[in-house]
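Report on the following structure.
The values are calculated or read from the model by the stated rules, or taken from the named source; none is laboratory data. Every value quoted in this text rests on a predicted model; they were computed, and no experiment measured them. Here the Cβ positions follow ideal geometry from the backbone for every residue, glycine too, while neighbour counts run over all protein chains shown.
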Amino acid sequence: MNRAHRSLNATILMMLVLALTACSVVRVAYNQANHLVYWQLNKAFDFNDDQSAKVKVAIRQWFEWHRQTELPIYTQFLTRAQKEALAPVSATLACERRQELEGWGRKALDQAVPAMAELVMSLSPEQVKHLEAYQAETNEDFRDDYLQDDPKDRQDAAAKFVLKVAELFYGRLDKAQRDHVKHEIAAQPLNAKHVYDERLVYQRDFLQLIRRLQAQKATPSQAQQALRELFQQFFDPPKEPLRSQRQQWIATGCKFTSSLHQQTTPEQKEKAAQRLRDWETDLRILAKQTP
(Lines give C-alpha, C1' and ligand atoms only; values in the text may rest on other atoms or scores of the structure.)
Protein backbone atom coordinates (compact mmCIF):
# COMPACT_ATOMS: atom_id res chain seq x y z
CA MET A 1 0.00 0.00 0.00
CA ASN A 2 1.44 3.39 -0.95
CA ARG A 3 2.02 6.30 1.39
CA ALA A 4 -1.09 8.20 0.35
CA HIS A 5 -3.34 5.25 1.13
CA ARG A 6 -1.63 4.72 4.46
CA SER A 7 -2.17 8.33 5.46
CA LEU A 8 -5.82 8.10 4.46
CA ASN A 9 -6.35 5.00 6.54
CA ALA A 10 -4.40 6.37 9.50
CA THR A 11 -6.31 9.62 9.77
CA ILE A 12 -9.58 10.32 8.02
CA LEU A 13 -9.65 13.68 9.77
CA MET A 14 -6.58 14.92 7.95
CA MET A 15 -7.98 13.72 4.65
CA LEU A 16 -11.12 15.75 5.22
CA VAL A 17 -9.25 18.84 6.36
CA LEU A 18 -6.88 18.80 3.43
CA ALA A 19 -9.82 18.36 1.07
CA LEU A 20 -11.07 21.79 2.16
CA THR A 21 -8.11 23.76 0.81
CA ALA A 22 -10.13 25.81 -1.66
CA CYS A 23 -13.78 26.72 -1.94
CA SER A 24 -14.19 24.91 -5.27
CA VAL A 25 -12.60 21.80 -3.81
CA VAL A 26 -15.10 21.76 -0.94
CA ARG A 27 -17.99 21.33 -3.34
CA VAL A 28 -16.19 18.73 -5.44
CA ALA A 29 -15.09 16.78 -2.35
CA TYR A 30 -18.55 16.76 -0.78
CA ASN A 31 -20.28 15.76 -3.99
CA GLN A 32 -17.86 12.85 -4.41
CA ALA A 33 -17.76 11.87 -0.74
CA ASN A 34 -20.32 9.09 -1.15
CA HIS A 35 -17.95 7.30 -3.55
CA LEU A 36 -15.04 7.71 -1.14
CA VAL A 37 -17.09 6.37 1.77
CA TYR A 38 -18.19 3.35 -0.24
CA TRP A 39 -14.62 2.69 -1.39
CA GLN A 40 -13.31 2.82 2.16
CA LEU A 41 -16.06 0.58 3.53
CA ASN A 42 -15.60 -1.93 0.74
CA LYS A 43 -11.90 -2.11 1.53
CA ALA A 44 -12.80 -2.93 5.11
CA PHE A 45 -15.62 -5.43 4.52
CA ASP A 46 -15.19 -6.76 0.95
CA PHE A 47 -18.88 -6.56 0.03
CA ASN A 48 -20.71 -9.13 -2.03
CA ASP A 49 -23.02 -7.93 -4.81
CA ASP A 50 -26.14 -7.75 -2.64
CA GLN A 51 -24.35 -5.90 0.16
CA SER A 52 -22.73 -3.54 -2.33
CA ALA A 53 -26.09 -2.49 -3.78
CA LYS A 54 -27.65 -1.95 -0.34
CA VAL A 55 -24.67 -0.03 1.03
CA LYS A 56 -24.62 2.32 -1.97
CA VAL A 57 -28.30 3.12 -1.42
CA ALA A 58 -27.74 3.63 2.32
CA ILE A 59 -24.81 5.97 1.71
CA ARG A 60 -26.78 7.98 -0.83
CA GLN A 61 -29.70 8.32 1.59
CA TRP A 62 -27.36 9.34 4.42
CA PHE A 63 -25.82 12.11 2.33
CA GLU A 64 -29.27 13.32 1.27
CA TRP A 65 -30.19 13.61 4.95
CA HIS A 66 -26.87 15.25 5.77
CA ARG A 67 -27.12 17.81 2.97
CA GLN A 68 -30.65 18.83 3.86
CA THR A 69 -30.45 18.65 7.65
CA GLU A 70 -26.88 19.16 8.76
CA LEU A 71 -25.25 21.53 6.28
CA PRO A 72 -27.54 24.43 7.29
CA ILE A 73 -26.42 23.89 10.89
CA TYR A 74 -22.77 23.96 9.83
CA THR A 75 -23.24 27.24 7.97
CA GLN A 76 -24.64 28.87 11.09
CA PHE A 77 -21.63 27.60 13.02
CA LEU A 78 -19.25 29.03 10.41
CA THR A 79 -20.97 32.41 10.53
CA ARG A 80 -20.27 32.61 14.27
CA ALA A 81 -16.78 31.20 13.89
CA GLN A 82 -15.75 33.94 11.46
CA LYS A 83 -16.35 36.64 14.06
CA GLU A 84 -14.74 34.59 16.80
CA ALA A 85 -11.61 34.02 14.70
CA LEU A 86 -10.91 37.76 14.69
CA ALA A 87 -10.87 38.01 18.50
CA PRO A 88 -9.11 36.18 21.35
CA VAL A 89 -10.40 32.63 21.81
CA SER A 90 -10.51 31.40 25.39
CA ALA A 91 -10.03 27.77 26.33
CA THR A 92 -13.66 27.74 27.46
CA LEU A 93 -14.88 28.92 24.07
CA ALA A 94 -12.63 26.42 22.31
CA CYS A 95 -14.17 23.61 24.37
CA GLU A 96 -17.68 24.85 23.65
CA ARG A 97 -17.01 24.78 19.92
CA ARG A 98 -15.38 21.36 20.20
CA GLN A 99 -18.48 20.07 21.96
CA GLU A 100 -20.61 21.32 19.08
CA LEU A 101 -18.42 19.49 16.58
CA GLU A 102 -18.63 16.32 18.65
CA GLY A 103 -22.39 16.64 18.66
CA TRP A 104 -22.35 16.61 14.87
CA GLY A 105 -20.34 13.40 14.95
CA ARG A 106 -22.72 11.73 17.38
CA LYS A 107 -25.73 12.67 15.29
CA ALA A 108 -24.10 11.54 12.04
CA LEU A 109 -23.22 8.15 13.51
CA ASP A 110 -26.67 7.68 14.97
CA GLN A 111 -28.23 8.38 11.57
CA ALA A 112 -26.09 5.61 10.07
CA VAL A 113 -26.89 3.00 12.73
CA PRO A 114 -29.85 1.25 11.02
CA ALA A 115 -27.87 0.63 7.84
CA MET A 116 -24.81 -0.39 9.83
CA ALA A 117 -26.84 -2.85 11.86
CA GLU A 118 -28.22 -4.46 8.71
CA LEU A 119 -24.71 -4.73 7.28
CA VAL A 120 -23.26 -6.21 10.47
CA MET A 121 -25.89 -8.95 10.53
CA SER A 122 -25.25 -9.81 6.87
CA LEU A 123 -21.49 -10.32 7.20
CA SER A 124 -20.09 -13.77 6.55
CA PRO A 125 -17.37 -15.27 8.80
CA GLU A 126 -14.91 -14.66 5.97
CA GLN A 127 -15.85 -10.98 5.83
CA VAL A 128 -15.39 -10.61 9.58
CA LYS A 129 -11.91 -12.10 9.21
CA HIS A 130 -11.30 -9.71 6.30
CA LEU A 131 -12.25 -6.80 8.56
CA GLU A 132 -9.88 -8.05 11.24
CA ALA A 133 -7.04 -8.27 8.72
CA TYR A 134 -7.89 -4.80 7.41
CA GLN A 135 -7.73 -3.38 10.92
CA ALA A 136 -4.32 -4.98 11.46
CA GLU A 137 -3.08 -3.46 8.21
CA THR A 138 -4.25 0.04 9.11
CA ASN A 139 -2.75 -0.33 12.58
CA GLU A 140 0.59 -1.10 11.00
CA ASP A 141 0.26 2.02 8.88
CA PHE A 142 -0.51 4.07 11.98
CA ARG A 143 2.55 2.71 13.77
CA ASP A 144 4.73 3.55 10.77
CA ASP A 145 3.39 7.10 10.61
CA TYR A 146 3.13 8.03 14.28
CA LEU A 147 4.80 5.44 16.52
CA GLN A 148 8.41 5.52 15.44
CA ASP A 149 11.03 4.07 17.77
CA ASP A 150 12.65 7.46 18.38
CA PRO A 151 10.48 9.64 20.70
CA LYS A 152 11.65 12.74 18.83
CA ASP A 153 10.39 11.31 15.56
CA ARG A 154 7.01 10.72 17.18
CA GLN A 155 6.84 14.30 18.42
CA ASP A 156 7.89 15.59 15.01
CA ALA A 157 5.15 13.54 13.30
CA ALA A 158 2.50 14.83 15.72
CA ALA A 159 3.69 18.42 15.34
CA LYS A 160 3.69 18.11 11.54
CA PHE A 161 0.07 16.94 11.64
CA VAL A 162 -1.01 19.86 13.83
CA LEU A 163 0.98 22.40 11.81
CA LYS A 164 -0.76 21.30 8.60
CA VAL A 165 -4.13 21.92 10.19
CA ALA A 166 -3.07 25.23 11.74
CA GLU A 167 -1.58 26.55 8.51
CA LEU A 168 -4.70 25.59 6.61
CA PHE A 169 -6.47 28.25 8.67
CA TYR A 170 -3.79 30.82 9.43
CA GLY A 171 -1.40 30.47 6.53
CA ARG A 172 2.32 29.99 7.01
CA LEU A 173 3.39 30.19 10.65
CA ASP A 174 6.68 31.86 11.48
CA LYS A 175 9.50 30.14 13.35
CA ALA A 176 8.38 31.34 16.78
CA GLN A 177 4.84 30.13 16.15
CA ARG A 178 6.03 26.78 14.83
CA ASP A 179 8.31 26.37 17.85
CA HIS A 180 5.34 27.14 20.08
CA VAL A 181 3.34 24.37 18.41
CA LYS A 182 6.18 21.88 18.79
CA HIS A 183 6.67 22.77 22.45
CA GLU A 184 2.97 22.50 23.22
CA ILE A 185 2.61 19.18 21.39
CA ALA A 186 5.53 17.73 23.36
CA ALA A 187 3.86 18.83 26.60
CA GLN A 188 0.40 17.40 25.80
CA PRO A 189 -0.72 14.47 27.98
CA LEU A 190 -2.32 12.88 24.89
CA ASN A 191 0.09 11.27 22.46
CA ALA A 192 0.00 8.84 19.55
CA LYS A 193 0.43 5.83 21.83
CA HIS A 194 -2.77 6.75 23.67
CA VAL A 195 -4.61 7.11 20.36
CA TYR A 196 -3.26 3.77 19.18
CA ASP A 197 -4.21 1.97 22.40
CA GLU A 198 -7.75 3.34 22.22
CA ARG A 199 -8.14 2.37 18.61
CA LEU A 200 -7.12 -1.21 19.43
CA VAL A 201 -9.75 -1.38 22.16
CA TYR A 202 -12.56 -0.11 19.94
CA GLN A 203 -11.55 -2.33 17.04
CA ARG A 204 -11.58 -5.34 19.36
CA ASP A 205 -14.92 -4.34 20.83
CA PHE A 206 -16.44 -3.88 17.39
CA LEU A 207 -15.32 -7.32 16.22
CA GLN A 208 -16.58 -8.92 19.42
CA LEU A 209 -19.90 -7.14 19.01
CA ILE A 210 -20.35 -8.41 15.45
CA ARG A 211 -19.63 -11.98 16.46
CA ARG A 212 -21.90 -11.78 19.51
CA LEU A 213 -24.83 -10.30 17.60
CA GLN A 214 -24.54 -12.91 14.90
CA ALA A 215 -24.26 -15.76 17.40
CA GLN A 216 -27.38 -14.47 19.16
CA LYS A 217 -29.20 -13.98 15.85
CA ALA A 218 -30.04 -10.48 17.04
CA THR A 219 -33.07 -8.64 15.72
CA PRO A 220 -32.55 -5.35 13.85
CA SER A 221 -33.57 -3.36 16.93
CA GLN A 222 -31.19 -5.35 19.14
CA ALA A 223 -28.32 -4.82 16.71
CA GLN A 224 -29.05 -1.10 16.48
CA GLN A 225 -29.15 -0.72 20.25
CA ALA A 226 -25.86 -2.57 20.66
CA LEU A 227 -24.16 -0.35 18.09
CA ARG A 228 -25.49 2.79 19.75
CA GLU A 229 -24.14 1.60 23.10
CA LEU A 230 -20.74 0.94 21.55
CA PHE A 231 -20.61 4.42 20.00
CA GLN A 232 -21.72 5.95 23.30
CA GLN A 233 -18.75 4.31 25.00
CA PHE A 234 -16.46 5.80 22.38
CA PHE A 235 -17.63 9.32 23.13
CA ASP A 236 -18.18 8.82 26.87
CA PRO A 237 -15.83 6.18 28.31
CA PRO A 238 -17.74 4.45 31.12
CA LYS A 239 -14.74 3.38 33.17
CA GLU A 240 -11.78 4.93 34.93
CA PRO A 241 -9.03 5.86 34.32
CA LEU A 242 -10.00 6.43 30.69
CA ARG A 243 -12.92 8.68 31.59
CA SER A 244 -10.71 11.08 33.57
CA GLN A 245 -7.94 10.84 30.99
CA ARG A 246 -10.34 11.80 28.21
CA GLN A 247 -11.51 14.84 30.17
CA GLN A 248 -7.90 15.88 30.77
CA TRP A 249 -7.00 15.44 27.10
CA ILE A 250 -9.93 17.56 26.01
CA ALA A 251 -9.16 20.32 28.52
CA THR A 252 -5.49 20.55 27.55
CA GLY A 253 -6.40 20.47 23.87
CA CYS A 254 -8.74 23.42 24.35
CA LYS A 255 -6.00 25.34 26.15
CA PHE A 256 -3.60 24.61 23.31
CA THR A 257 -6.11 25.84 20.72
CA SER A 258 -6.52 29.05 22.70
CA SER A 259 -2.78 29.60 23.13
CA LEU A 260 -2.06 29.00 19.45
CA HIS A 261 -4.73 31.50 18.42
CA GLN A 262 -3.18 34.00 20.81
CA GLN A 263 0.14 33.59 18.99
CA THR A 264 -1.29 34.57 15.61
CA THR A 265 -1.13 38.03 14.04
CA PRO A 266 -4.18 40.11 13.02
CA GLU A 267 -3.43 39.20 9.42
CA GLN A 268 -3.42 35.51 10.23
CA LYS A 269 -6.69 35.83 12.14
CA GLU A 270 -8.24 37.55 9.12
CA LYS A 271 -7.00 34.74 6.90
CA ALA A 272 -8.67 32.22 9.19
CA ALA A 273 -11.91 34.22 9.10
CA GLN A 274 -11.76 34.35 5.30
CA ARG A 275 -11.24 30.61 5.12
CA LEU A 276 -14.35 30.12 7.24
CA ARG A 277 -16.31 32.56 5.04
CA ASP A 278 -15.32 30.57 1.96
CA TRP A 279 -16.49 27.35 3.56
CA GLU A 280 -19.76 28.94 4.62
CA THR A 281 -20.41 30.05 1.04
CA ASP A 282 -19.70 26.57 -0.25
CA LEU A 283 -21.91 24.84 2.28
CA ARG A 284 -24.80 27.17 1.52
CA ILE A 285 -24.49 26.27 -2.15
CA LEU A 286 -24.23 22.56 -1.39
CA ALA A 287 -27.28 22.66 0.90
CA LYS A 288 -29.38 23.99 -1.98
CA GLN A 289 -28.10 21.58 -4.61
CA THR A 290 -29.92 18.43 -5.62
CA PRO A 291 -27.45 15.52 -5.63
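Assorted remarks:
- Count of segment 146-163 residues, restricted to those that are buried (at least 16 other Cβ atoms within 10 Å of the Cβ) and not in a helix (DSSP H, G or I), is 1.
- Some residue of segment 155-168 being closer than 25 Å to Ser259 by Cα and over 20 Å from the mean Cα position of the chain (by Cα): yes
- Pairs, first without any contact (Cβ under 8 Å) to a residue 12 or more places away in the chain and of a type in the set (Lys, Arg) in segment 79-102, second assigned to a helix (DSSP H, G or I) and surrounded by 13 or more Cβ atoms within 10 Å (Cβ to Cβ), C-beta under 9 Å, six or more apart: Arg80/Arg97
- Subset tally (residues that are of a type in the set (Asp, Glu) and exposed (fewer than 15 other Cβ atoms within 10 Å of the Cβ)) for segment 169-195: 2
- A Cβ distance below 6 Å, combined with a sequence gap of six or more or placement on separate chains, defines the contacts here; from segment 24-51, residues that are within 24 Å of Leu283 (Cα to Cα) and among the aliphatic types (A, V, I, L, M) reach residues that are part of a helix (DSSP H, G or I) and at pLDDT 95 or above in the pairs Val37/Ile59.
- Conditions (1) among the small types (Gly, Ala, Ser); (2) under 23 Å from Leu101 (Cβ atoms); (3) surrounded by 12 or more Cβ atoms within 10 Å (Cβ to Cβ); (4) modelled with pLDDT under 95: number failed by Ala166: (4)
- Checked against the criteria, Gln111 counts as in contact with a His (Cβ under 8 Å, 6 or more places away or on another chain), of a type outside the set (A, V, I, L, M, F, W, C), touching a residue at least 24 places away in the same chain (Cβ under 8 Å) and assigned to a helix (DSSP H, G or I).
- Filtered residues of segment 217-247 (kept if at pLDDT below 95, buried (at least 16 other Cβ atoms within 10 Å of the Cβ) and assigned to a loop (DSSP other than H, G, I, E, B)): Pro237
- Selection from segment 279-291 of residues that are surrounded by fewer than 18 Cβ atoms within 10 Å (Cβ to Cβ) and not aliphatic (A, V, I, L, M): Thr281, Arg284, Lys288, Gln289, Thr290, Pro291
- Checked against the criterion of being of a type in the set (Val, Ile, Thr) and at pLDDT 95 or above, the candidates Thr281, Thr257 yield just one match: Thr257.
- Among the residues making up segment 76-130, a single one is aromatic (Phe, Trp, Tyr) and under 30 Å from Ala44 (Cα atoms): Trp104.
- Test result for Gln262, surrounded by fewer than 15 Cβ atoms within 10 Å (Cβ to Cβ), polar (S, T, N, Q), modelled with pLDDT of 95 or more and in a helix (DSSP H, G or I): yes
- Checked against the criterion of being in contact with a Leu (Cβ under 8 Å, 6 or more places away or on another chain), in contact (Cβ under 8 Å) with a residue 12 or more places away in the chain and buried (at least 16 other Cβ atoms within 10 Å of the Cβ), the candidates Gln127, Gln203, Gln214 yield just one match: Gln214.
- Of all residues in segment 169-181, those that are among the charged types (D, E, K, R), in a helix (DSSP H, G or I) and either modelled with pLDDT under 95 or closer than 26 Å to Ala81 by Cβ (or both) total 1.
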